[in-house]
Every structure is written in structure tokens, then in C-alpha cells.
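Everything on this sheet refers to the single structure shown next.
The values are calculated or read from the model by the stated rules, or taken from the named source; none is laboratory data. Keep in mind it's a predicted model, so treat the numbers as computed, not measured. Note: ideal-geometry Cβ built from the backbone for every residue, glycine included; neighbour counts use all protein chains shown. Remember, those area values only see protein heavy atoms, side chains included, never the ligands or the DNA or RNA. Shrake-Rupley method; radii C 1.70, N 1.55, O 1.52, S 1.80 Å.
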Amino acid sequence: MTERTLLIIKPDAIQRGLIGSIISRIERKGLKIIALKMMMLTDDYVDKLYDIHIDKVFYPLLNSFIISGPLVAIAIQGKNCVKIVRKLAGATNSPDAEPGTIRGDYGIDLTKNIVHSSDKPERALYELSVLFKEEDYVSFDLINQPWVE
Ligand code: CMP
């Protein structure tokens with residue numbers, strides 16, 4: 001199956017009116033969005049989404065931030081999309097993120113770091129399964145970019 005990844009526009013970015021700017025970067029790059037939804041997560045969803053961080057000292061802060069407001073979850077599909085979206089997002093710690101990346105342009109914090117993106121294809125499928133059902137995905141071609149799977 002073609003690679004898929006998850007990008008989350010976090011509550012800080014929603015509050016700052018950055019949804020459009022972030023989605024526009026995905027589109028301009030030529031990536032294909034196959035599902036998108038705005039939602040408020042509950043504790044147990046955040047525990048599933050960030051299961052690998054649950055024992056870390058920063059987890060309570062991360063959890064309370066993620067449930068603090070709505071977020072936008074975006075499923076993206078295409079060759080190498082995990083790596084491409086990670087590059088677009090920039091370094092996790094916003095002060096380390098290069099200008100030109102999403103966090104480099106909009107973020108100044110580690111917890112409130114604007115977006116989340118999956119770090120590996122297998123991890124992406126797991127994280128997507130927490131937030132989307134298989135029937136949420138739309139199958140279509142980008143007619144001006146036949147090379148996008
Ligand atoms: P994200 O890409 O969503 O993945 C896990 C999140 O934990 C990360 O972005 C940060 O927002 C947050 N976080 C907070 N503290 C740390 C830390 N010390 N190391 C890594 N991630 C952290």
C-alpha cells in the first residue's frame with residue numbers, strides 16, 4: 001500500500017488562526033490529503049495517540065495541552081510522505097526548527113509546537129487508526145500530478 005502519514009494541527013495553531021496556512025503548505029508541496037477532521041480529543045484518545053510518551057516526565061503537560069482545545073487531524077497519502085511531512089514540520093523543539101518549516105516559521109515552544117507528524121510509516125498507520133476509520137479515507141487522483149499515488 002502507498003505510504004500514509006498523520007499531521008495534526010495542534011490547539012495552539014488553531015487559536016492563532018493558522019489552519020489555512022498550514023494546509024496550504026501541504027497542498028503547495030503537492031501532497032494529497034485523503035481525510036481531514038476537526039475534533040476535541042479526550043484523555044484516553046491522547047493516551048492512545050501518544051502511548052510511546054506516556055511514561056515520560058513531560059507527558060502530563062503534553063496531554064493537558066492536547067485536550068485544551070480543538071485540533072485538526074489530516075491524513076496524507078503518497079510516496080515518501082512520512083519523510084516529506086516531517087521535513088515540512090521542522091524540528092520538534094520549535095527554537096531548533098529552521099525558518100521555512102512550519103515550526104520554524106510559527107513556533108517558539110516545545111510543547112506548543114504547532115503540529116505533530118508521524119515519524120515512521122508503521123507508526124503513522126497506528127496513529128491514523130486512533131483518529132480515523134478506514135471509510136474516512138477518500139480515494140481520488142490529483143489529475144495535474146499523475147505521479148502522486
Ligand atoms: P510531537 O511531535 O507532537 O510529539 C510528542 C510531543 O511531546 C512533541 O511534539 C512535543 O510537543 C512534546 N514534548 C514535550 N516535551 C518534550 C521533550 N522533552 N522531548 C520530546 N517531546 C516533548
Suppose we keep only residues that are crowded, with 16+ Cβ neighbours inside 10 Å and among the basic types (Lys, Arg) within region 5-41. Which one would you say is nearest to Gln145 (Cα to Cα)?
Lys32
Cβ pairs under 8 Å, 6+ apart or interchain, first in region 113-128 and within 12 Å of Gln77 (Cβ to Cβ), second open to solvent by 10 Å² or more (accessible area, probe 1.4 Å) and more than 9 Å from the ligand (Cβ to nearest atom), ordered by first then second residue, are Pro121/Glu3; Pro121/Arg4; Ala124/Glu3; Ala124/Arg4; Leu125/Arg4; Leu128/Arg4
Say whether the condition of being closer than 25 Å to Tyr137 by Cα, among the basic types (Lys, Arg) and at pLDDT 95 or above is met by at least one residue in region 99-113.
no
Does Gly100 satisfy the criteria of being more than 14 Å from the ligand (Cβ to nearest atom), without any contact (Cβ under 8 Å) to a residue 40 or more places away in the chain and open to solvent by 10 Å² or more (accessible area, probe 1.4 Å)?
yes
First in region 1-19 and modelled with pLDDT under 95, second anywhere and assigned to a strand (DSSP E or B) and surrounded by 17 or more Cβ atoms within 10 Å (Cβ to Cβ), Cβ under 6 Å, 6 or more apart:
Thr2/Gln77
Could you list, in sequence order, the residues of region 58-90 that are farther than 16 Å from Ala13 by Cα, among the aliphatic types (A, V, I, L, M) and touching an Asp or Glu at 6+ places or on another chain (Cβ under 7 Å)?
Val82
Condition first: among the charged types (D, E, K, R), more than 22 Å from Met40 (Cβ to Cβ) and surrounded by fewer than 10 Cβ atoms within 10 Å (Cβ to Cβ). Now tell me which residues in region 127-149 satisfy that.
Glu134
Got a sec? Which of Leu41, Leu31, Leu36 is of a type outside the set (Gly, Ala, Ser) and touching a residue at least 40 places away in the same chain (Cβ under 8 Å)?
Leu31
